[in-house]
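Right, one structure below, let's go through it.
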Amino acid sequence: MSVLTVEPDAVPAGEEPPDTGERHRLTAVTGLAALSLDAMASVAYGPEAIVLVLAAAGAHGLGFTVPVTLAIAALLAVLVASYRQVIAAFPDGGGSYAVARTHLGARTGLVAAASLVLDYVLNVAVAVTAGVAALTSAFPSLYGERVWLCLGVLTLITAVNLRGIVESAKVFIVPTVVFVGSIFVLIGVGLLRSAPVSTATAAGHASVVAGNATAVGTLLLLKAFASGCSALTGVEAIANAVPSFRVPRVKRAQRAEVALGTVLGVMLIGLSVLIGRFHLQPADGVTVLAQLADASLGHNWAFYVVQFATTILLALSANTSFGGLPVLLKLLARDNYLPHVFALKADRQVHRHGVLALALVSAALLVFSGGDTNTLVPLFAIGVFVGFTVAQIGMVRHWRGERGRGWRGKALLNGLGAVLTGVATVVVTASKFAEGAWLIVIALPLLVAAFETVHRAYARIGERLELGRIPEPPHRDRSLVIVPVSSLSRLTSEALTAAASLGDEVRAVTVCHPDPEDRAQVHALERAWANWDPGVPLVRLTSGRRTLGRPIAAYVREVTAAEPAARVTVLIPETEPERLWQRLLQNQRGAVVAHAVRRETDAVICRLRFRLF
């Protein structure tokens, strides 16, 4: 047996090689802009989440802001080191899902994947609503239109991502630089001041600090730690999207991961130090970050730059999900847990179907929540902590199996991270269960069940197709082509010519209904057919009802029963008009016949399109 191999055309001298898609992939810098917005924006609510919990213990409790933030920063360092290892071990992306599937089994891998899917979707909804909430706070007249504003922002982000991940990185790199730069300036100026410039933003707002509470228990510290860990969402996005980076992918992704951890850690620690330095307290109606900007920079143009940059980055931080989730969906589709359409790429290395699916589900969440951030926040961050924990445990198994140089230290690091993120998962779920986290507890197993249902369906299809086995050699069967006709025209001639080229025998069929006018038309067709004499018999199919597809399908069944060894093809001739709107003028008879034959028979359907231009 010979195999024909077609070699790709050589590139002539002086001409550029074909586009491999690398220019549509990320560098370390653009990867940081495209995949870190979620993590970067979390400094706007992470420190505040810590302060709000510790405020229950009064001013004494707020004194633990820096120690709790340092613990979170330590966990961040563990996660960055771990995901840097994940990037090297799993260069095809997938993050927690890839680690768990390889080292903890398929079911655990699906749990990790489901948790990440939920987190990515919720991140989009929370980010967009938070950004719009900041906008409506500045312009209260827009509050009634917040749902439409949310959908508009979502549409903008989706459109940018459909252009390609590199295009989205180019668009979002400027807001990211402005935000990070403004936060660093805020921290630097604040550290040089001995007292806050002003406290204008907190004026007129009630403090939420408990006046007489002084005891700071372990449970309160754990709850503050777990709440502050919301600042760690998005750390895994780079590891999930390694294939989106340029060659060498692993090194570029690792650099972006380390840069993300460094910048995020410095911002978190710096802001927490300023909170203690200025003795700031949470107040209703004003964010802690706004108070810090006011205290460090004063209530001037610099204050508004920080607020505007925060608003923009919060809204655009949804881009992290658009960078990470489509790659994860591609891997799930590759493993037969999602429809294979999610594995397809467009010209600009875009997983278009993943982007659109994320946009549609997020839009539904925005409409369901009414554009209210508080409705969605209790559901946020639980999924990502499940993924963190599973990934850490999986990496421990990875090092124990590999047993390379220094494996014990690496396994210990991942084990410590698993304990810390596991505790955070339990505390966050327990503390927010009544606030809506129970929905995640229900949605997670349902999503895993959906993945397994798709996988079983693909397994049945593969078994029926005998995938993985050597098929029988091809052979020639007798073939019969059936052509539905209703009149004589050039289309009829083209259809019979094509049918004669396809099969050993061709039969034309026409359906006759009891209506007198229809019978007259059929008789006229039979007379014209006899005069034309194309060498193909015309079979009249009588139907008691005014249906078209069912009589033809019934005839196909009769032919198949009479000649079970024959291959039956139904060739349906159709016209294709020059203009798109002209297709509305067609009677759709071909679609009706194709639907009936496909549903009721095993015949091959061939739709012959005759272009009118």
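Note on residue 442 and residue 106: the model spin-label points, each 7 Å out from Cα along the C-beta direction, lie 2.8 nm apart.
Starting from the Cα-Cα distance between residue 340 and residue 610, subtract it from 0.36 nm times their residue separation and give me the gain in nm to one decimal. Taking 0.36 nm per residue and subtracting the Cα distance, the gain is 94.1 nm. Taking every alpha-carbon pair within the range 469-613, the share separated by more than 21 Å comes to 47 percent.
Computed packing ranks the peptides 384-396, 83-95, 590-602 as 384-396, 83-95, 590-602, most packed first, by mean other Cβ atoms within 10 Å. Using a simple spin-label model with pseudo-atoms 7 Å out from Cα toward Cβ, residue 397 and residue 493 lie 6.9 nm apart.
Exposure proxy for 150, 606: other Cβ atoms within 10 Å of each Cβ, ordered fewest to most, give 606, 150.
Cα centroids of the range 533-576 and the range 417-450: how far apart, whole angstrom? Using only Cα atoms, the two centres lie 58 Å from each other. Each principal axis of the Cα atoms in the chain has its own extent, and those three values, largest first, are 106, 62, 58 angstrom. Less than 5 angstrom separates the built amide H of residue 541 from those of 510, 511, 512, all sequence-distant by 5 or more or on a different chain. Under 5 Å from the amide H of residue 568 lie the amide H atoms of 480, 604, each residue being 5 or more positions distant or on a separate chain, with H modelled from the backbone and absent for Pro and chain starts.
The charge dipole of the chain, taken about its Cα centre with unit charges on the Cβ atoms of Lys, Arg (+1), Asp and Glu (-1) only, comes to about 900 debye. Taking the DSSP bridge list for the chain and keeping only pairs wholly inside it, about 10 percent are antiparallel. Residues 301, 148, 399 in ascending order of nearby Cβ atoms (within 10 Å, fewest first): 301, 148, 399.
Only the coordinates and a few stated rules stand behind these numbers; no lab work does. All of these numbers come straight from a predicted model, not from anything done at the bench. Cβ: placed from backbone, ideal geometry, glycine included. Neighbour counts: every protein chain shown.
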